[in-house]
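Since the structure comes first, as structure tokens, the remarks are kept for the end.
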Amino acid sequence: MVQPAVQVAESLDGRGEELRRVQSDGGGLGFRWFHVVVLVSLNVLDLGLTALVLEAGGRELNPLLAASVQSWVPVLVKAAVMFVVVVALLRCPRGSQLPDRVLSAVICIYALVVAWNMAVLSLG
């Protein structure tokens, strides 16, 4: 009978519990930080595409940022939010899946925003 890799590793070094914990946390901290990189990238794309939409005569639909789009306020707001996200992630327990789920949902929302901006630009 073939043993699962975790059992083999447990019999080799006696650290089976730690290996199971790392495998069951949704890919580990590296996966969580990959989400952060994707989220930061989408924020940068949103800023750039929004600037292009505004140059083409469009308007900002986010009511919180609409009055300040011609200043550095949106960049500062996005940077502050990213800082809070990183601090919150550093404080989350490693095995918790809640941060990964929240990051996935926020990434989906930002992907829709970026797609909207791209559609507005392509339609002219």
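One table, with the values for the structure above:
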read-out	value
Leading residue by the ranking (modelled with the highest pLDDT) among those in segment 68-95 that are loosely packed, with under 13 Cβ neighbours inside 10 Å and not in a helix (DSSP H, G or I)	PRO93
Within segment 46-72, considering residues that are of a type in the set (A, V, I, L, M, F, W, C) and more than 15 Å from GLY124 (Cα to Cα), the one nearest to the chain's Cα centre (by Cα)	LEU47
Pairs with Cβ under 7 Å, 6+ apart, first in segment 32-60 and loosely packed, with under 13 Cβ neighbours inside 10 Å, second modelled with pLDDT of 90 or more	ALA56/LEU121
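The values are calculated or read from the model by the stated rules, or taken from the named source; none is laboratory data. Note that the structure is a prediction, hence the values are computed from the model and not measured. Because the Cβ atoms are built from the backbone with ideal geometry, glycine has one as well, and the counts that use them run over all protein chains shown.
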